[in-house]
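Novice: Structure incoming, see below.
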Amino acid sequence: MALLTPEDLENINRRLEEADAAVRSATGLDITEVCKALYKTRPCTETVGIVPITSGNGIIGSFSESLLAIIEYFGLDGFITEMPDVSGYYQAVKDEANIILMADDNTFLAHNLENGKIANNQPCTGIIYAEIASRYLHADSKDVLALGLGKVGLPGVAHLVKKGFNVYGHDPDEKLLERAVSEFGITPYAPEAENPKKFSMIFEATPCENTIPESALAEKCLVSTPGIPCGISEELRKKYNVEIVMEPLGVGTASMLYSVFD
Ligand code: NAI
Ligand code: PYL
Ligand code: MG
């Protein structure tokens, strides 16, 4: 799994504010309103306990601190436990956290101890970035291009299909592409085709640069991408005035939190 670096998380508040502004500009809603529309839930008086986890590659510098900044940005109270791992979990429960946030190298979860709801960052991230793409105010059709059909991309594709969008997808992993076609009826998209289709809504969930071909960009286009690094170059973004929603952790975390609220 592609792990965040402390550099990815620098200026997390500014990144989140910029992403919120981009979401508002592209969809007319802010991140919170998108979450409420997605899950029909509301925050109450939840307190979030953030537990650092030392397993695998260990603590990622500023990961827990970034989560604290993120939950506070969305109006919640919370704390980071002094101890990591089991001792930290014990402290979080004893200090009356209602929701636990913790991540090892494979799973980042949110667990609501009051109602039992639990969320995984990968599908929650795919769903909210796909939802944002699908709400583009200047969309020229119901066609969405999905690049990357993995742990984040496929749940986003499933969400778009469920909402009735025409999803065109590409992934060099043929097994994943075949699965997306057979399970969700998406249309394979060939980036190198002669006269490829253009899209005003692009959902990109890959760990690679330059995955979005110039030929796919419609005149007005929104790229909604959790992918790190970004799948479209600054040069192309400027050349075509592409709108972009991209942020390293907070948008996906908001989706997790709203999915476990009442
Ligand atoms: P994954 O490895 O499960 O899926 C990525 C997929 O992209 C793979 O199937 C791969 O074959 C495909 N891919 C690679 N190059 C491609 C190309 N040129 N065109 C189309 N597909 C291509 O990874 P996962 O877990 O889905 O994560 C995707 C990205 O999202 C990673 O960069 C990860 O770090 C990031 N991420 C970001 C979050 C955020 O909040 N911003 C949250 C979670 C993950
Ligand atoms: C949730 C992020 C988004 C992209 N990749 C995911 C990642 O980096 N996961 C690993 C998180 C490890 C956190 C570490 C700590 O500091 O508690 N165990
Ligand atoms: Mg995010």
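Novice: Check which residues have an amide H placed less than 5 Å from G78's amide H, if you skip close sequence neighbours.
Specialist: Hits under the 5 Å cutoff: V48.
Novice: Ratio of alpha-carbon Rg to the 2.2 N^0.38 Å globular estimate for the stretch 1-85, to two decimals, please. Don't skip to the end; give the middle numbers.
Specialist: Numbers: Rg = 14.7 Å, N = 85, 2.2 N^0.38 = 11.9 Å.
The value comes to 1.24.
Novice: Then there is this: Just the number, please: percent antiparallel of the DSSP beta bridges in the chain, rounded to the nearest 5. Write down the numbers at each step before the final one.
Specialist: Details: 8 of 32 bridges.
That works out to approximately 25 percent antiparallel.
Novice: Determine, from the Cβ-Cβ distance of S55 and L236 and an R0 of 25 Å, the FRET efficiency 1/(1 + (r/R0)^6), rounded to the nearest 0.05.
Specialist: Values: r = 39 Å, r/R0 = 1.55.
The pair S55/L236 has a calculated efficiency of 0.05.
Novice: Give a residue-ordered list of calculated ³J(HN,Hα) values for the stretch 117-125 (Karplus: 6.51 cos²θ - 1.76 cosθ + 1.60, θ = phi - 60°; whole Hz; x for Gly, Pro).
Specialist: 5, 9, 9, 10, 4, 5, x, 5, 5
Novice: Any idea which of Q122, F108, G88 is furthest toward the positive side of the dipole for the stretch 78-138, if Lys and Arg beta-carbons carry +1 and Asp and Glu beta-carbons -1?
Specialist: Q122
Novice: Same structure again: Under the Karplus relation 6.51 cos²θ - 1.76 cosθ + 1.60, θ = phi - 60°, what is the ordered set of whole-Hz ³J(HN,Hα) values for the stretch 18-35, x standing for Gly and Pro?
Specialist: 5, 5, 4, 5, 5, 5, 4, 5, 7, 10, x, 10, 9, 4, 4, 5, 5, 4
Novice: Dividing the Cα convex hull volume of the stretch 123-247 by residue count, how many Å³ per residue is that?
Specialist: Values: hull volume 11.7 nm³, N = 125.
Normalising the Cα hull of the stretch 123-247 by residue number yields 94 Å³.
Novice: How big is the stretch 42-143 by Rg and Dmax over its Cα atoms, in Å?
Specialist: So, for the stretch 42-143, Rg and Dmax equal 15.8, 53 Å respectively.
Novice: Computed from the mean reciprocal separation of all distinct C-alpha pairs, what Kirkwood hydrodynamic radius does the stretch 199-238 have, in Å? Intermediate results must be reported in sequence, preceding the final value.
Specialist: Numbers: mean 1/r = 0.0993 Å⁻¹.
Evaluated on the stretch 199-238, it is 10.1 Å.
Novice: Which far-off residues, 5 or more places away or on another chain, put their amide H under 5 Å from the one on I244, with H placed in the peptide plane?
Specialist: V223
Novice: For the chain, find the longest principal axis of its Cα atoms and tell me its angle to the long axis of helix 174-184, 0 to 90°, nearest 10.
Specialist: 90
Novice: Of all beta bridges DSSP finds with both residues in the stretch 1-143, what is the antiparallel percent, to the nearest 5? The partial results should precede the final answer.
Specialist: Values: 8 of 15 bridges.
Percentage antiparallel, nearest 5: 55.
Novice: Can you give the Rg to Rh ratio of the chain, both from alpha-carbon atoms, with Rh computed by the Kirkwood formula? Provide the component values of the computation, followed by the final result.
Specialist: Values: Rg = 18.3 Å, Rh = 18.7 Å.
My calculation of the ratio gives 0.98.
Novice: Provide the packing ranking of 168-178, 145-155, i.e. peptides ordered by the mean count of other C-beta atoms within 10 Å per residue, highest first. Working shown, then result.
Specialist: Working: 168-178: 16.3, 145-155: 24.8.
Peptide ranking by packing, descending: 145-155, 168-178.
Novice: Over the stretch 132-189, with a single point scatterer placed on each C-alpha, what log10 of the ratio I(q)/I(0) does the Debye formula yield at q = 0.19, 0.28 1/Å?
Specialist: Values, matching the q order: -0.58, -1.18.
Novice: Between the stretch 235-262 and the stretch 79-130, how many Å separate their Cα centres?
Specialist: 20
Any read-out appearing in this document is the output of simple, stated calculations on the displayed coordinates, not a laboratory observation. Since the structure is predicted, the reported quantities are computational estimates derived from the model, not experimental observations. So basically every Cβ, Gly included, is an ideal-geometry build from the backbone, and we count neighbours across all protein chains shown.
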